[in-house]
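To start, the structure itself, in structure tokens.
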Amino acid sequence: MDLSIIVPLFNEEESLPKLQEWIERVMEENRFSYELIYVNDGSTDCSWNVIRELKAHNDNVRGICFRRNYGKSAALYCGFRAAEGDVVITMDADLQDSPDEIPELYRMITEEGYDLVSGWKQKRFDNKLTKNLPSKLFNATARKVTGIQLHDMNCGLKAYRKEVIKNIEVFSEMHRYIPYLAKNAGFTKIGEKVVQHRKREFGVSKFGLNRFVNGYLDLMTLWFLNKFGKQPMHFFGSVGSLMFVIGFIAIIVVGAMKLYALSHGVRAMLVGDNPWFHISILMMILGCMLFLAGFLGELIIRNSQSRNDYLIREEL
């Protein structure tokens, strides 16, 4: 099978028939063998009934329906698990992604050898203040942290080699960083294609400022897990040791100052009344706790089955 097209959706009953017709036309024109997987993320409208009707008229349609809303990452995870095509396309159901982009995305994967190709909506029709500006700030930070030079990392329109989606796990709200997940899994040939962005015809946008804030927190989580997930002692041990040494040196200085004052007959406050003494003790205690946290983390990893999740390219 050439293509698996995964469409996660939430309350998009009005746009689904038009999207289905558009995808079918593109598939027929390019003679692709394909499957179209709709993942209904707990919609409260009639989206699932519409998918049932679409399935009745096209055997290439498949559907997954969640009992409640779990989020886009969960929808993509289940879609990836079900996909069988050699190339996997993801796109949103709101008609802002154009199915006409699919043939070129497919060609870039199959002919140019990309592992993943992400869309770039260079010209957007969203509100510049509430969505475009935060999106630019978000993507600039993501490029700096991940080292992946994509202009629109969160674009819903992407193409993947099948091997990629079978070797990454999309969890929490990490769908924003699938290129980073792919890079961490060893798939480094990541490309970008300028794609058409269309105005939303039906429904309302699911974007909110809370997603902007959560996006940064998720990015920091992924960065930490990638850098220290297998060696927590490298982070906690280093920071803990540094804090302990600084606290230890500081408490020696406090003691030395007291002894110097006594030896020269200068009146000085009691060591126990000196605030720097208590700050030094606190830093030493926190340093020990961080070091122990790293040590316990190493013990957990050493006894965890997940420590052997090494990805193998090929076996003979």
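The values are calculated or read from the model by the stated rules, or taken from the named source; none is laboratory data. Note that the structure is predicted; figures quoted are calculated from it, not measured. So basically every Cβ, Gly included, is an ideal-geometry build from the backbone, and we count neighbours across all protein chains shown. Protein only, heavy atoms only, side chains kept; ligands, DNA and RNA dropped before computing areas. Shrake-Rupley method; radii C 1.70, N 1.55, O 1.52, S 1.80 Å.
At-a-glance table
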quantity: Given (1) out of contact with any Asp or Glu (no Cβ under 9 Å at 6 or more places or on another chain); (2) of a type in the set (Gly, Ala, Ser); (3) open to solvent by less than 60 Å² (accessible area, probe 1.4 Å); (4) at pLDDT 90 or above, index of the condition Gly208 fails; calculated: (4)
quantity: Pairs where the first residue, in region 139-161, is farther than 19 Å from Thr90 by Cβ and modelled with pLDDT under 90 and the second is among the hydrophobic types (A, V, I, L, M, F, W, C) and buried (at least 20 other Cβ atoms within 10 Å of the Cβ), C-beta under 7 Å, 6+ apart; calculated: Thr141/Leu219; Val145/Leu219
quantity: Hits in region 82-112 (condition: among the aliphatic types (A, V, I, L, M), in a helix (DSSP H, G or I) and crowded, with 20+ Cβ neighbours inside 10 Å); calculated: Ile102, Leu105, Ile109
quantity: Single condition Asn214 does not satisfy, out of (1) in contact with an Asp or Glu (Cβ under 8 Å, 6 or more places away or on another chain); (2) closer than 25 Å to Ala82 by Cβ; calculated: (2)
quantity: Residue match in region 127-143 (condition: part of a helix (DSSP H, G or I), open to solvent by less than 10 Å² (accessible area, probe 1.4 Å), over 20 Å from Leu219 (Cβ atoms) and of a type outside the set (S, T, N, Q)); calculated: no
quantity: Selection count where residues are under 12 Å from Asp115 (Cα atoms) and assigned to a strand (DSSP E or B), scope region 174-196; calculated: 3
quantity: Where a residue in region 171-195 is in contact (Cβ under 8 Å) with a residue 12 or more places away in the chain and closer than 22 Å to Thr110 by Cα and its partner, wherever it lies, is aromatic (Phe, Trp, Tyr) and surrounded by 21 or more Cβ atoms within 10 Å (Cβ to Cβ), with Cβ under 6 Å and at least six apart; calculated: Lys189/Tyr114; Gly191/Tyr114
quantity: Residue match in region 38-60 (condition: in a helix (DSSP H, G or I), within 16 Å of Val164 (Cα to Cα) and either open to solvent by less than 20 Å² (accessible area, probe 1.4 Å) or among the polar types (S, T, N, Q) (or both)); calculated: no
quantity: Those residues of region 63-81 which are farther than 17 Å from His175 by Cα and either among the small types (Gly, Ala, Ser) or surrounded by 19 or more Cβ atoms within 10 Å (Cβ to Cβ) (or both), in sequence order; calculated: Gly63
quantity: Residues being more than 21 Å from Gly71 (Cβ to Cβ) and in contact with a helix residue (DSSP H, G or I) (Cβ under 6 Å, 6 or more places away or on another chain) - total across region 1-33; calculated: 5
quantity: Residue count for region 216-265, restricted to those that are of a type in the set (D, E, K, R), closer than 30 Å to Ile178 by Cα and over 18 Å from the mean Cα position of the chain (by Cα); calculated: 1
